[in-house]
Amino acid sequence: MAHRFPGREKAQLMDERRRAVQPVEELMARMSPRASEICVDLGSGPGYVAIPLSRLTSKVIALDVQREMLEALIDAAGGRDNIDPVVADAGRIPLVDASVDRIVLINVLHELEDAGRNIDDMARMLRSGGRISLVDFPRRPTSMGPPLEERIDIDEAVNLFSRFRVIGRWEFSEYYQLEMERP
């Protein structure tokens, strides 16, 4: 089984160290979300990206397999009514075909049990022209992240998402970010 971030350590996902390594404002700027978008934050955790994304878009469906992560998100969201928390596994996402504009995977790709099947499901849910916003750790030592043997490097990620068109690619010392579009 792939590494899954433990719910008991959820505070690390919102702390100052994370903000220094992966500034959410910079992630959002590269995503360039539109106000009309319906987004899915796959593996949303306690809302590091879901909450700021909800301020910029119409709706965020925050999916996480760990209920305690979503409970923390609800507490941190301060009553925002355009975040829908959903307990779900990435392998069984309960959304209809062509129903979302963007799927966000922040430090989640390496946690997927069956990335190929999950990517097929993402393509199913995305509208034509919909986007995948992907951030993950390179396969080299960084100050945080999963074990090296579980990481998926940027070129591997591009290959996994071969049915999508890469419209933005950034590599940093601690992480990489890809913006991809469904044809």
With point charges of +1 on the Cβ of Lys and Arg and -1 on the Cβ of Asp and Glu, referenced to the Cα centre of segment 7-181, which listed residue (PRO94, GLY168, LEU70) lies farthest in the positive direction of the dipole? GLY168
Could you give the size of the charge dipole of the chain about its Cα centre, using +1 on the Cβ of each K and R and -1 on the Cβ of each D and E, expressed in debye and rounded to the nearest 20? 400
Run the simple label-point estimate for GLU113 and ASP84 please: 7 Å along Cα→C-beta, distance reported in nm. 2.4
Put in order of increasing Cβ neighbours within 10 Å, starting from the fewest, VAL65, VAL135 give VAL65, VAL135
Is the C-alpha gyration tensor of segment 52-109 telling us rounded, prolate or oblate? Criteria: a/c under 1.5 is rounded; beyond that, a/b larger than b/c is prolate, otherwise oblate. oblate
Using the Cβ atoms and a cut-off under 14 Å, what net charge is assigned to the surroundings of ASP120, where Lys and Arg are +1 and Asp and Glu are -1? +1
Taking SER44, SER128, SER133, SER58 and counting other beta carbon atoms within 10 angstrom, the fewest-first order is SER128, SER58, SER133, SER44
Would you compute, from DSSP H runs of 4+ residues alone, the mean residue ellipticity of the chain at 222 nm, taking -39500 (n - 2.57) per run and dividing by the full residue count, rounded to the nearest 500? -7500 deg cm²/dmol
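We did not get these values from a lab; they are worked out from the coordinates using the rules stated. Not measured: the values here are computed from a predicted model. Note that each Cβ is placed from the backbone with ideal geometry, even for glycine, and that neighbours are counted across all protein chains shown.
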